[in-house]
1. Just to check your reading of the model, which residue among Lys134, Lys171 is surrounded by fewer than 14 Cβ atoms within 10 Å (Cβ to Cβ), farther than 20 Å from Arg237 by Cβ and modelled with pLDDT of 95 or more?
2. Run Leu139 past the list (1) farther than 18 Å from Phe235 by Cα; (2) near the ligand (Cβ under 9 Å from one of its atoms); (3) not polar (S, T, N, Q) and report the number of the one that doesn't hold.
3. Within segment 221-235, can one find any residue that is within 15 Å of the ligand (Cβ to nearest atom), of a type in the set (Lys, Arg) and closer than 14 Å to Asn206 by Cα?
4. I'd like to know if segment 8-28 contains one or more residues that are without any contact (Cβ under 8 Å) to a residue 60 or more places away in the chain and either assigned to a strand (DSSP E or B) or open to solvent by less than 10 Å² (accessible area, probe 1.4 Å) (or both).
5. How many of the residues making up segment 150-168 are open to solvent by less than 20 Å² (accessible area, probe 1.4 Å) and either in a loop (DSSP other than H, G, I, E, B) or away from the ligand (no atom under 16 Å from the Cβ) (or both)?
6. Against the condition β-branched (Val, Ile, Thr) and under 27 Å from the mean Cα position of the chain (by Cα), how does Val67 come out, does it pass?
7. Every residue in segment 263-322 that is within 16 Å of the ligand (Cβ to nearest atom), in a loop (DSSP other than H, G, I, E, B), of a type in the set (Val, Ile, Thr) and under 25 Å from Leu114 (Cα atoms), please.
Amino acid sequence: MAPIAFIHRLSVAEQRQWLALLQQLLPNQVILLPEMMSAEQVQATTVAIVANPNPADLVPFSNLLWVQSVWAGVEGLVSALQDRRATQAAGQGAIKLVRLTDPQLAQTMAEAVLAWTLYLHRNMPEYAAQQARKQWSPLPCAVASEVHVAVLGAGELGVSAIRSLLQHGYKVSCWSRSAKHLEGVTCYHGLTQLPKLLQSVDILVNLLPLTVETEGLLNASLLKQLPRGAKLINFSRGAVINATDLIKLLDSGHIGHAVLDVFTSEPLVATSPLWTHPKISILPHISAPTNVDSAARIVAANIAVYQNTGVIPPTVNLERGY
Ligand code: NAP
């Protein structure tokens, strides 16, 4: 039987945890690291499970039919598979990419969005700065129903975040590529509707995937359309925001504060001015880490269905980039 490849850039401990759990959940499959495989096994492999892999490590697997990512964000794999498709022989089928969609991940992200929205809404950065100055100054605090939180991206994670914001009483709107109808939410879609959304936002939450269209989308010209003092949370990918423009707008006071969990290059280099900016809160890409237990069960179920029926789960649209 052809083995399943497990291709990763994890620590040894994480790799062992994944392999042990997957092997336990898929007792009839052989799951191997590339370095354990013979050349024949590499050629015979049609399915790979990948954990933030170096895309180059997929190259020797020339007969892959589909790849299951254990991460939700897959922009690196998308561009590697686009390149591979451009160079493969005519008639050869394109590799399909399945990303992780996990209700546990969506709930974890919803918690993070709610936690940091509350942090900004309840003026925590300002109080931390006041404490450092031993200053006792109560600040005005709007009720949640008067705070407009806009979520960019209304997919798996965006909708989960929106639900938790609604439960908490916030005034919520969202923006996506296609039209949406979500109860209690003002939904906007497409670039032409974006200015209308931005004009009244108090807290802007970015949950857009990184694609050719979203890279650098949150630049000075877009961020200037927010009301003065609006705050920003970026939990998707660093490159969606132009960090140089963001720093200028924080310095001018146009943006009140930014919570950043993701960066163009990670870990964030020690020399980055983002670290020490007084109006930036830095998080080390922790807003929604993959839960190995729930994710491994979803991945194993996807593979079991495929082995039994030949059906590949819903795949990433490589043209669209997400
Ligand atoms: P998803 O289900 O694919 O949803 C993406 C949403 O973005 C959709 O609503 C989509 O619109 C919208 N969108 C994409 N391109 C757009 C464009 N050009 N204009 C307007 N809207 C656009 O993705 P997800 O599962 O919610 O994940 C979102 C991102 O979160 C991932 O890509 C990843 O980068 C990030 N993430 C971060 C962490 C972390 O710990 N920081 C963890 C997991 C994931 P349509 O609905 O119309 O298609």
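1. That would be Lys134, the only listed residue that is surrounded by fewer than 14 Cβ atoms within 10 Å (Cβ to Cβ), farther than 20 Å from Arg237 by Cβ and modelled with pLDDT of 95 or more.
2. If we test Leu139 against (1) farther than 18 Å from Phe235 by Cα; (2) near the ligand (Cβ under 9 Å from one of its atoms); (3) not polar (S, T, N, Q), just (2) comes out false.
3. Checking segment 221-235: not a single residue is within 15 Å of the ligand (Cβ to nearest atom), of a type in the set (Lys, Arg) and closer than 14 Å to Asn206 by Cα.
4. yes
5. 2
6. Taking the combined requirement at face value, the residue satisfies it.
7. Thr264, Ile286, Thr290 - these are the residues of segment 263-322 that are within 16 Å of the ligand (Cβ to nearest atom), in a loop (DSSP other than H, G, I, E, B), of a type in the set (Val, Ile, Thr) and under 25 Å from Leu114 (Cα atoms).
Results for (1) surrounded by 15 or more Cβ atoms within 10 Å (Cβ to Cβ); (2) out of contact with any Ser or Thr (no Cβ under 6 Å at 6 or more places or on another chain); (3) of a type outside the set (Lys, Arg); (4) closer than 27 Å to Gln82 by Cα, shown as yes or no for each residue.
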| position | (1), (2), (3), (4) |
| --- | --- |
| His257 | yes, yes, yes, no |
| Pro278 | no, yes, yes, no |
| Ala288 | yes, no, yes, yes |
| Ala295 | yes, yes, yes, yes |
| Asn302 | yes, yes, yes, yes |
| Pro314 | no, yes, yes, yes |
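The values are calculated or read from the model by the stated rules, or taken from the named source; none is laboratory data. Since this is a predicted model, take the numbers as computed values, not measurements. Cβ coordinates were reconstructed from backbone atoms using ideal geometry, including for glycine residues, and neighbour counts include every protein chain displayed. With ligands, DNA and RNA removed, areas are computed over all heavy atoms of the protein, side chains included. Shrake-Rupley method; radii C 1.70, N 1.55, O 1.52, S 1.80 Å.
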